[in-house]
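Peer 1: Shown below is the structure under consideration.
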Amino acid sequence: AQSVTQLGSHVSVSEGALVLLRCNYSSSVPPYLFWYVQYPNQGLQLLLKYTSAATLVKGINGFEAEFKKSETSFHLTKPSAHMSDAAEYFCAVSDPNSGGYQKVTFGTGTKLQVIP
Amino acid sequence: NAGVTQTPKFQVLKTGQSMTLQCAQDMNHEYMSWYRQDPGMGLRLIHYSVGAGITDQGEVPNGYNVSRSTTEDFPLRLLSAAPSQTSVYFCASRGRANSNQPQHFGDGTRLSIL
């Protein structure tokens with residue numbers, strides 16, 4: 001069974017500082033991995049995804065994530081935080097070999113606060 | 001394109017009442033799903049559909065029914081509302097079976113059961 005662990009339910013950074021949101025996964029096969037962002041009172045929007053191509057994935061709004069198989073990690077980073085980055089971020093995993101619907105499992109989310 | 005549209009955006013129910021949460025997508029996606037979002041628990045899959053006429057249970061299906069008579073619509077029914085069903089409900093769609101495709105989410109329905 002696949003699972004996702006996001007370390008830290010709340011993360012605070014100063015504006016202009018590095019953003020690092022952690023995600024570790026458990027999967028029996030190389031998975032597909034996603035980061036989604038949720039702004040208040042909105043649904044989730046895709047930030048980026050890893051689907052077994054390049055291990056460093058670039059997404060929207062200056063975010064990127066690196067797939068590290070040896071560490072079973074897919075941490076999200078951004079070099080310089082902006083006030084508009086304040087949101088909740090979800091890591092998600094799916095098993096490409098599961099067949100049928102191929103369910104996606106979400107982490108519990110990390111709320112990012114950006115301090116002026 | 002409107003994407004995924006959910007109605008209503010907010011709803012308050014009394015225990016025991018029934019209601020239907022509506023979800024429609026205009027992207028001709030085959031795959032649709034319903035999630036509930038609760039604090040500290042992320043998103044949990046309630047029901048999903050791989051095409052018109054085909055539905056299946058997810059992780060937390062009890063107390064909910066779904067049907068899929070058309071590609072566009074995927075309503076979620078609460079049969080007899082309970083306070084434990086107070087949550088934010090999201091509908092999502094995906095174009096292909098292969099899960100490397102991202103899901104498109106609606107803006108959610110915020111449901112309170114008194």
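The values are calculated or read from the model by the stated rules, or taken from the named source; none is laboratory data. Note that the structure is predicted; figures quoted are calculated from it, not measured. Note that we place each Cβ from the backbone using ideal geometry, even for glycine, and neighbour counts take in every protein chain shown. In case anyone asks, the SASA skips ligands and DNA or RNA and just uses the protein heavy atoms, side chains included. Shrake-Rupley method; radii C 1.70, N 1.55, O 1.52, S 1.80 Å.
Peer 1: How large is ³J(HN,Hα), in whole Hz, for each residue of region A:16-32 in order, when computed from phi with the Karplus curve 6.51 cos²θ - 1.76 cosθ + 1.60 and θ = phi - 60°, using x for Gly and Pro?
Peer 2: So the J values, rounded to whole Hz, are x, 8, 5, 9, 9, 10, 9, 9, 10, 10, 10, 7, 7, 9, x, x, 8.
Peer 1: Enter the buried accessible area of the B/A pair, total of both sides, probe 1.4 Å, in Å² rounded to the nearest 100. Display every interim value, and only then the final one.
Peer 2: Values: alone 6000 and 6320 Å², together 10410 Å².
Heavy-atom accessible area buried at this interface is about 1900 Å².
Peer 1: Then there's this: Describe numerically, in nm with one decimal, the distance between label points set 7 Å from Cα along Cα→Cβ at B:ARG77 and at B:LYS14.
Peer 2: It is 2.2 nm.
Peer 1: Please give every one of the lysines within straight-line cross-link reach of A:LYS58, meaning a C-alpha to C-alpha distance under 22 Å, and leave out same-chain neighbours fewer than 8 residues apart.
Peer 2: Here the lysines satisfying the reach criterion relative to A:LYS58 are A:LYS49, A:LYS68, A:LYS69, A:LYS78, A:LYS111.
Peer 1: Report relative contact order for region B:64-114 in percent, whole number only (criteria: Cα-Cα under 8 Å, sequence separation at least 6).
Peer 2: 34
Peer 1: Nothing charged except the Cβ atoms of Lys and Arg (+1) and of Asp and Glu (-1): what's the magnitude of the dipole of the protein assembly as shown about its Cα centre? Round to the nearest 20 debye. Could the numbers behind the result be given before it?
Peer 2: Working: 17 positive and 15 negative charges, 42 e Å.
About 200 debye.
Peer 1: Still on this structure: About its Cα centre, how strong a charge dipole does region B:30-102 have in debye, to the nearest 20, once Lys and Arg get +1 and Asp and Glu get -1 at the Cβ? Intermediate values should be presented prior to the final figure.
Peer 2: Details: 6 positive and 6 negative charges, 10 e Å.
Roughly 40 debye, rounded to the nearest 20.
Peer 1: Please report, largest first and rounded to whole Å, the three semi-axes of the ellipsoid equivalent to the protein assembly as shown, where each semi-axis is the square root of five times an eigenvalue of the C-alpha gyration tensor.
Peer 2: Numbers: eigenvalues 174, 89, 47 Å².
Each semi-axis is the square root of five times an eigenvalue, giving 29, 21, 15 Å.
Peer 1: Continuing with the same structure: Which residues' amide hydrogens lie under 5 Å from the amide hydrogen of A:SER12, considering only partners 5 or more residues apart or on another chain, with H built in the peptide plane?
Peer 2: Residues meeting the amide H criterion: A:GLN113.
Peer 1: Work through the residues other than A:ALA65 whose Cβ is under 15 Å from its Cβ and net out their charges, Lys, Arg +1 and Asp, Glu -1. Present the calculation step by step, with values, prior to reporting the outcome.
Peer 2: On the way: positive: A:ARG22, A:LYS49, A:LYS58, A:LYS68, A:LYS69, A:LYS78; negative: A:GLU64, A:GLU66, A:GLU71, A:ASP85.
Summing Lys and Arg as +1 and Asp and Glu as -1 gives +2.
Peer 1: Right, next: Under the Karplus relation 6.51 cos²θ - 1.76 cosθ + 1.60, θ = phi - 60°, what is the ordered set of whole-Hz ³J(HN,Hα) values for region A:63-76, x standing for Gly and Pro?
Peer 2: With coefficients 6.51, -1.76 and 1.60, one gets 7, 8, 9, 10, 7, 10, 5, 5, 9, 6, 10, 8, 6, 9 Hz.
Peer 1: In region B:56-114, what trypsin sites (Lys or Arg not before Pro) fall in a loop by DSSP, with at most 10 other Cβ atoms inside 10 Å?
Peer 2: Values: sites: B:ARG68, B:ARG77, B:ARG94, B:ARG96, B:ARG110; in loops: B:ARG68, B:ARG96.
Here no trypsin sites (Lys or Arg not before Pro) fit, given the DSSP loop and packing criteria.
Peer 1: Here is a further query. I'd like the distance between the alpha-carbon centres of region B:1-44 and region A:1-31, rounded to an integer number of Å.
Peer 2: Computed from Cα coordinates, the inter-centre distance equals 26 Å.
Peer 1: Follow-up question, since we're still on this one. Given H placed 1.01 Å from N in the peptide plane, which residues other than close sequence neighbours of B:LEU79 have an amide H under 5 Å from its amide H?
Peer 2: B:ASN65
Peer 1: Can I ask one more? Using modelled amide H (1.01 Å from N, peptide plane; none on Pro or chain starts), what sits under 5 Å from the amide H of A:VAL19, excluding residues fewer than 5 places away?
Peer 2: Excluding prolines and chain starts, which carry no amide H, the hits are A:LYS78, A:SER80, A:ALA81.
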